[in-house]
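Following: one structure in structure tokens, then a few remarks.
The values are calculated or read from the model by the stated rules, or taken from the named source; none is laboratory data. Since the structure is predicted, the reported quantities are computational estimates derived from the model, not experimental observations. Neighbour counts run over all protein chains shown; Cβ positions are idealised from the backbone, glycine included. Side chains are part of the model used for accessible areas, which takes the heavy atoms of the whole protein and leaves out ligands, DNA and RNA. Shrake-Rupley method; radii C 1.70, N 1.55, O 1.52, S 1.80 Å.
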Amino acid sequence: KKKISRHKAKLVSRIHDKPLAQPDDKELELIEELRNNLRELSFAEAVDCPASEKKWSGNSNCLKELVLTNDAREFLRWHVISGSMFVKHAGYIEQELKYLKSLPDWDSRWAEAIKECSTGHPIPYHLYPKSSANLIHHAYHWAQFEEKTGVEVNNIDFIFEFGGGYGSMCRLLYNLGFRGNYLLFDLPAFSALQKFFLKSIGVRVHSIDSFNKGEHGAICISELEQLKEILSERSGEEKSMFIATWSISEAPVGIRASILPFISMFNAFLIAYQHQFKEVDNVAFFKDWKATQEDINWYEWEIEHIKNSWYLVGQGMANFK
């Protein structure tokens, strides 16, 4: 039955699917910028390293090859993206959409926020073709955070997202009314893709100098020293947030150890993780990490409709009032 249902979903999505037009001058410019950024990167090597690191090194290499040889406007159709950060026809999206539609501000807020754009050529969701399954999925994450904490996005000044995919969560939060600074930290190849996506949809993408001036917009970086520099400038932010939906839980322990010491400065958290990733027991890992965070109200629960996955949501006791 699941196979039949998924087959029907694909057929309906295909009906609403539209081919891309010929690229305009802006698109051609952004495609060339993306290719130039990736040409500067050497292919990642993963020898004698943990399985979790090998996976993402392979993904980076695959993305670089595809960008240099294919139409980057179609990147959401590439397996390296759809297989790791773009939900297409998962059965649980129907449940998540139903939840969003049940919210009192669905018509006034959520329906507009999840309207999909053409960048990346996303596959329309068969039960709601105005959006994609992936954008609905991200909206559900954020709605869960709001429900547990009561914190709305327009009451946050600074967001740090570890991973960030191709920039979809960042895009959603700007759609929902975020007007602060958004920092995405990822592997170099995916940082380049995030810049391409966010620029394509009109989000301002900063340099480090312009980002530190506090004007709203995003920055996409991949160097730890840059991250340290930016976070040191932001250490006094009272309304700051950390997001990592299945990203920190898919990172090698060594990378986690280099990132998480900075996280104590944040006072709101949206984390999702799976029970086990390659060699890492994430349940034990986050239990130990959570115990090191002071003055945070934590909410942790299993995501019933996603096998072996949990939400970990936190809110500073003295913030966002």
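Only residues that are of a type in the set (D, E, K, R) and open to solvent by 70 Å² or more (accessible area, probe 1.4 Å): list them for the stretch 98-138, please. Passing the criteria: 98, 101, 107, 112, 115, 130. Would you confirm whether any residue within the stretch 2-21 is modelled with pLDDT of 80 or more, open to solvent by less than 90 Å² (accessible area, probe 1.4 Å) and within 23 Å of residue 191 (Cβ to Cβ)? No, there is no match, as no residue in the stretch 2-21 is modelled with pLDDT of 80 or more, open to solvent by less than 90 Å² (accessible area, probe 1.4 Å) and within 23 Å of residue 191 (Cβ to Cβ).
Could you say which residue among 247, 264, 258, 240 is within 19 Å of residue 141 (Cα to Cα), open to solvent by 10 Å² or more (accessible area, probe 1.4 Å) and among the small types (Gly, Ala, Ser)?
Details: 264 fails: within 19 Å of residue 141 (Cα to Cα); 258 fails: within 19 Å of residue 141 (Cα to Cα); 240 fails: open to solvent by 10 Å² or more (accessible area, probe 1.4 Å).
After ruling out the rest, the residue left standing is 247.
For the stretch 291-314, the set of residues classified as more than 11 Å from residue 271 (Cα to Cα) and either assigned to a loop (DSSP other than H, G, I, E, B) or open to solvent by less than 50 Å² (accessible area, probe 1.4 Å) (or both) consists of 291, 292, 293, 294, 295, 296, 303, 304, 305, 306, 307, 308, listed by residue number. Counting only residues that are open to solvent by 50 Å² or more (accessible area, probe 1.4 Å) and over 17 Å from residue 187 (Cβ atoms), the stretch 267-279 holds 3 of them.
Among the residues making up the stretch 215-237, those that are farther than 21 Å from residue 171 by Cβ and open to solvent by 20 Å² or more (accessible area, probe 1.4 Å) are 223, 224, 225, 226, 228, 229, 232, 233, 235, 236, 237.
Give, as residue ranges, the helices (runs of 4 or more DSSP H) completely inside the stretch 17-97 that count at least 2 residues that are acidic (Asp, Glu). Break it down into steps so the answer makes sense when it comes.
Details: elements: 25-39, 51-69, 79-82.
Filter on the stretch 17-97 gives 25-39, 51-69.
Can you say whether residue 130 is among the basic types (Lys, Arg) and in contact with a helix residue (DSSP H, G or I) (Cβ under 6 Å, 6 or more places away or on another chain), as far as the supplied structure shows?
Numbers: among the basic types (Lys, Arg): yes; in contact with a helix residue (DSSP H, G or I) (Cβ under 6 Å, 6 or more places away or on another chain): no.
Answer is no for this residue.
Taking the criterion of being open to solvent by less than 10 Å² (accessible area, probe 1.4 Å) and of a type outside the set (Phe, Trp, Tyr), the residues of the stretch 139-160 that qualify are 139, 141, 143, 151, 153, 156, 159. Selection over the stretch 60-74 of residues that are touching a helix residue (DSSP H, G or I) at 6+ places or on another chain (Cβ under 6 Å) and touching a residue at least 40 places away in the same chain (Cβ under 8 Å) gives a count of 5.
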